[in-house]
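**Q** I'd like to ask some things about the structure below.
Quick note: the coordinates plus some simple rules give every number you see, no bench work behind them. Please read these numbers as outputs of a predicted model, since none were measured by experiment. Glycine also receives a Cβ, built like all others from the backbone with ideal geometry; neighbour counts cover every protein chain displayed.
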């Protein structure tokens, strides 16, 4: 039996396991710095920074979708899908579609003008999946990040 529900604080250890699994898949297993306590504090405090949906198969969390609000100067309120993760053993069973459906319905209910997310340019199965759902994969855009060291170095140059 498959069920999608809002995550609860007690789900965060499994959520972090799936985040780590994704980081390993994306060839950056050492990049995850967030902890269970960070996820608990940031997702379930007085002003939650994100909303997380979990997908359970037979009462075991096999997928997550983590989203948060953003603001577009062109569109207004948008929803950012940070990660949609299905455990490796559960891929190819339509679970990703179920989670994405949930995110899109949630965005529609919020009244957002756009739902956006990133995908690695070498992850062709994900790109094909998103395009099959009608998403516009904008290959002419580059993602720009300043990590913690980059922020410090930037400010040291001022």
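**Q** Averaging over all projection directions, find the projected area of the Cα convex hull of region 1-69 and quote it in nm² with one decimal place.
**A** Projected area, direction-averaged: 4.9 nm².
**Q** What's the FRET efficiency of residue 138 with residue 26 using the Cβ-Cβ distance as r and R₀ = 25 Å, to the nearest 0.05?
**A** Plugging the Cβ-Cβ distance into 1/(1 + (r/R0)^6) gives 0.85.
**Q** Follow-up question, since we're still on this one. Determine the relative contact order of region 2-117: mean sequence separation of Cα pairs under 8 Å and six or more apart, normalised by residue count, in whole percent.
**A** Rounded, it is 24 percent for region 2-117.
**Q** Candidates (i) 38, 19, 15; (ii) 24, 20, 18; (iii) 21, 20, 17; which is the computed semi-axes √(5λ) of the Cα gyration tensor in Å?
**A** Of the listed options (i) 38, 19, 15; (ii) 24, 20, 18; (iii) 21, 20, 17, (ii) comes from this structure.
**Q** Here's another thing I want to ask about it. Step by step: find N for region 31-88, compute 2.2 N^0.38 Å, then divide the Cα radius of gyration by it. What's the final number?
**A** 1.31
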